[in-house]
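The values are calculated or read from the model by the stated rules, or taken from the named source; none is laboratory data. Not measured: the values here are computed from a predicted model. Cβ sites come from the backbone with ideal geometry, for glycine too, and all protein chains shown count toward neighbours. For accessibility, only protein heavy atoms count, side chains too; no ligands or nucleic acids. Shrake-Rupley method; radii C 1.70, N 1.55, O 1.52, S 1.80 Å.
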Amino acid sequence: MRATLKNRNAYHILTGNEDGVKIRCKYLQEKRNKMERANYHTHTTRCMHAIGEEREYIEHAIKGGIQILGFSDHCPMPYTDGFVSGIRMTMEQMSEYIQTLLSLREEYKSRIDIRIGFEAEYVPELFDSFIKIVEKEPVEYLILGQHFVGQETPSRYSGRVHGERQWLKD
């Protein structure tokens, strides 16, 4: 079976074979070919739940056809009570994170576009202080990753299934 339909400048070609019906859309294929291939959500070992080195991520991204690789490790938070997070870099690690990525950006500039960002959470008591610190750095973007309801401490991690629904309401 073969049919061709015109729909808003798109050609839909239906072909039948023993594997079933394949649908190809020339218009969408052309659009896909023009789209940038990007990943803006890449962590480093500083978050304590990623493995591998930044260079390894970059090399794999290049092999996979990624054009833009954004590093967005969990942002450090300016805790004033001495709390040390188990899922994010410390304030002291931020400068090294940025310098490492700036150096790799320069090294790989002809092969891939490397962006520097953070995965941030909105904690009202800390957010303004965090933004003031980040604004001084060559950080290009923030993505929201709200892992906790309230502050990280003493709150509960919201990325797991819990039997208690009440804690979400509190």
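Among residues of segment 123-145 being modelled with pLDDT under 85 and part of a helix (DSSP H, G or I), the one that is farthest from ILE66 (Cα to Cα) is GLU125. Scanning segment 83-122 for residues that are assigned to a loop (DSSP other than H, G, I, E, B), at pLDDT 75 or above and over 23 Å from ARG37 (Cβ atoms) yields ARG88, MET89, THR90, GLU121, TYR122. Checked against the criterion of being surrounded by fewer than 10 Cβ atoms within 10 Å (Cβ to Cβ) and at pLDDT 75 or above, segment 3-21 contains not a single residue that satisfies it.
Can we say HIS49 is free of Cβ contacts under 8 Å to residues at least 40 places away in the same chain and open to solvent by 30 Å² or more (accessible area, probe 1.4 Å)? So HIS49 fits the description; yes. Scanning segment 51-69 for residues that are closer than 17 Å to ARG115 by Cβ and among the hydrophobic types (A, V, I, L, M, F, W, C) yields ILE58, ALA61, ILE62, ILE66, ILE68, LEU69.
The residues in segment 104-145 that are without any contact (Cβ under 8 Å) to a residue 24 or more places away in the chain and open to solvent by less than 60 Å² (accessible area, probe 1.4 Å) can be counted, and the count is 2. Beta carbons closer than 6 Å, at least 6 apart along the sequence or on distinct chains, pair a first residue in segment 60-82 that is closer than 17 Å to ILE131 by Cβ and without any contact (Cβ under 8 Å) to a residue 60 or more places away in the chain with a second that is among the small types (Gly, Ala, Ser) and surrounded by 14 or more Cβ atoms within 10 Å (Cβ to Cβ) for PRO78/SER129.
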